[in-house]
Amino acid sequence: MRSQLARVIVRVVGVVAVVVIVSLCANVVGAEAAAASTAPPAVEEEVQTPRDQCGHTLTRSKGLDVSFWKKFFKHWIPFTGSARVKMQFFLFKRDFPDCGRELVTDDDEKLEQSGFDARHPTRIIIHGWMSQSKGSLNRDVKNAYLSLTRPQNRSTEAAQEAPNTESPPTVEYSDFNVIVCDWSMISSNVNYFGVADMVEDLGFLLSEFVRHLHMRAGLHYDDVYLIGHSLGAQIAGSAGKQIYPYRFNTIYALDPAGPKFREQRDDFRLDASDAHYVESIQTSTNLGFEEPVGHATFYPNYGKDQKKCYMYGCSHKRAHDYFAETITSSKGFWGTRCERQSEHVWILLENEGEFRMGGEPSVPKNGTFYVKTHAKPPYAMGRRRRVQKEPPNGQYEEQTTEA
């Protein structure tokens with residue numbers, strides 16, 4: 001009896017569904033017919049080339065990133081989420097700073113029409129877990145690089161005049177290839193450890209994309225910097241391993257993701273061997289690393305809790321805020337070489353001078369460095385040195401001086 005009742009219900013529901021669908025189709029057809037009878041003659045649309053199209057708008061939004069939240073909730077709806085690894089790449093240049101043009105691996109036509117120019121330095125930005133594709137990392141770092149560009153290229157003369165480590169960079173560039181790596185289709189999954197398991201696959205996609213630029217557009221690997229935040233830094237490291245025997249010039253690791261990676265061997269996490277030069281800026285110990293990573297490791301405010309950071313994740317995010325400012329600041333962030341004997345005991349080797357954190361171009365150095373910052377933007381404090389004078393108490397004071 002119950003089975004017969006169930007079959008009746010299914011049939012009734014099926015009939016109702018068909019009626020609703022037919023009704024909707026009839027309404028749509030009727031509406032289209034009415035529109036066709038009253039609409040003016042159609043004007044033939046101009047065919048847009050990739051140069052005319054905006055594949056990815058990257059400006060400060062007044063509201064939420066709707067596209068990100070669609071991806072986020074898609075992981076919660078059964079049978080609609082997908083585990084397929086996907087990564088998109090959007091090119092920004094001085095002539096189109098806010099409207100990215102999509103580049104696709106093995107699509108020669110899109111590459112040719114995009115405006116990518118291998119004569120310009122290439123900077124690839126890789127966001128982290130739960131980051132929005134139009135978030136502040138991509139926007140601020142992209143804007144910072146493009147702010148250095150000028151219509152006429154005086155970079156060669158400026159580079160010869162710029163001191164190595166004694167002042168912030170004064171180099172000007174005719175242009176950059178700033179490429180935003182958007183993997184938010186995967187990163188929007190709330191399952192962090194499931195996402196972390198895909199780092200090697202994502203690193204492979206990134207390395208294959210750079211190979212495509214090398215083979216089809218004449219890109220030199222030594223002109224490439226990868227700038228990765230959190231899991232993006234681990235993806236950068238994986239790409240560096242998989243591009244071997246070639247090497248990227250620089251990897252800037254912005255508070256590289258620690259959970260799941262802290263206990264891993266160097267083969268499975270970001271390491272100094274992943275590029276000619278690897279520099280990390282470590283700003284939190286709960287989401288990042290406490291131990292040094294790469295050739296040079298900078299610890300702003302001892303690398304634990306950043307100033308005026310009261311919300312969870314604020315210190316983690318502060319790494320890319322600092323980095324964007326290292327590119328544009330006239331003062332710069334300057335670190336003192338140090339020895340970390342324990343979590344609470346740091347020996348500052350102030351007689352060894354000061355070393356610039358981040359910046360453009362990168363300046364290779366080795367060791368661990370302590371950096372002091374302001375509590376609010378602009379965070380850079382400039383160079384700091386000890387000035388010897390005789391105060392009333394007979395103690396030397398530490399004063400801050402701008403570069």
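With respect to the cross-link table entries Lys86/Lys134; Lys308/Lys331; Lys260/Lys365; Lys86/Lys304, which display a Cα-Cα separation exceeding 26 Å? Can you show the working numbers first?
Details: Lys86/Lys134 17 Å; Lys308/Lys331 21 Å; Lys260/Lys365 28 Å; Lys86/Lys304 33 Å.
As for pairs spanning more than 26 Å Cα to Cα, those are Lys260/Lys365; Lys86/Lys304.
Site pair Arg119 and Asp197 shows an inter-label distance of 4.8 nm when each label is modelled 7 Å from Cα along Cα→Cβ. The GluC sites (Glu not before Pro) of region 214-311 meeting both criteria, a DSSP state outside H, G, I, E and B (loop) and at most 14 other C-beta atoms within 10 angstrom of the site's C-beta, are Glu263. The label point for Glu172 and the one for Ala375, both projected 7 Å from the Cα toward the Cβ, are 3.8 nm apart.
None of the figures in this text is laboratory data; all of them are computed from the coordinates on show. All of these numbers come straight from a predicted model, not from anything done at the bench. Here the Cβ is made from the backbone with ideal geometry for all residues, glycine too, and neighbour counts use every protein chain on show.
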